[in-house]
Amino acid sequence: MNIFRLIGDMSHLLAIVLLLLKMWKTRSCAGISGKSQILFALVFATRYLDLFTAFISAYNSTMKLFFISTSLVTVYLMYFKFRATYDANHDTFRLEFLVVPVGGLAFLVNHNFSPLEILWTFSIYLESVAILPQLFMMSKTGEAETITSHYLFALGSYRALYILNWVFRYYFEGFFDLIAVVAGCVQTILYCDFFYLYITKVLKGKKLSLPA
């Protein structure tokens, strides 16, 4: 554990809390991509299977349980409780375009050819592109609510902070995981345009609008 990972984890927690609060307080999931949330639920479900086979720390286990449970709750709220507010007409990204290539890559490029390791690798690759349906949806609608923008900024910040975590661990612990680093960098790059718009518009009190 180091300061970059801790702040990154807190940023990730904040993103999820903001998303759930937005849906619960407004009784709506408008502007949120259900397909991205399905992908995130799949990410956590496949990554944290070791929750039942290995104990690292109470903090580690608590975080794993939190991410799995909240991702499933989010999917439930979107597709069942607040289904009437879900904008399926704009959430049209084809999930198979992400899941199938990522699944194939996980089989071909991994640290160890075992079921748990392949699923872990699959989750790392999938997380790097899981936000694409959300960004695609925003590009179609041309705008995003302020609270949704805060959620995305916190989510993107989590991954950017993890890059600093990996730099720290490389220099002070000699740890380097090429798969995680490359996937994390790809994910952060996908947020770059959004970061720019967030800083230049949302933080100045303007509504975030994107080119359709």
statement: Here the equivalent ellipsoid of the chain, derived from its Cα gyration tensor, has semi-axes (largest first, whole Å) of 28, 20, 17
- prompt: Can you pull the percent of region 70-212's accessible area that's carbon plus sulfur, 1.4 Å probe, other chains left in place?
  reply: 68
task: Within the set of other residues whose C-beta is less than 14 Å from the C-beta of VAL99, count the net charge using Lys and Arg as +1 and Asp and Glu as -1.
output: 0
statement: One finds the C-alpha centres of region 42-67 and region 105-134 to be spaced, in Å, by 16
- request: Mind counting lysine pairs for me in the chain? Cα separation below 18 Å, and the two need to be 8 or more apart along the chain or on different chains.
  value: 7
field: Expected-Rg normalisation [2.2 N^0.38 Å, Cα atoms] applied to region 1-67
entry: 1.29
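The values are calculated or read from the model by the stated rules, or taken from the named source; none is laboratory data. Keep in mind it's a predicted model, so treat the numbers as computed, not measured. Cβ sites come from the backbone with ideal geometry, for glycine too, and all protein chains shown count toward neighbours. In case anyone asks, the SASA skips ligands and DNA or RNA and just uses the protein heavy atoms, side chains included. Shrake-Rupley method; radii C 1.70, N 1.55, O 1.52, S 1.80 Å.
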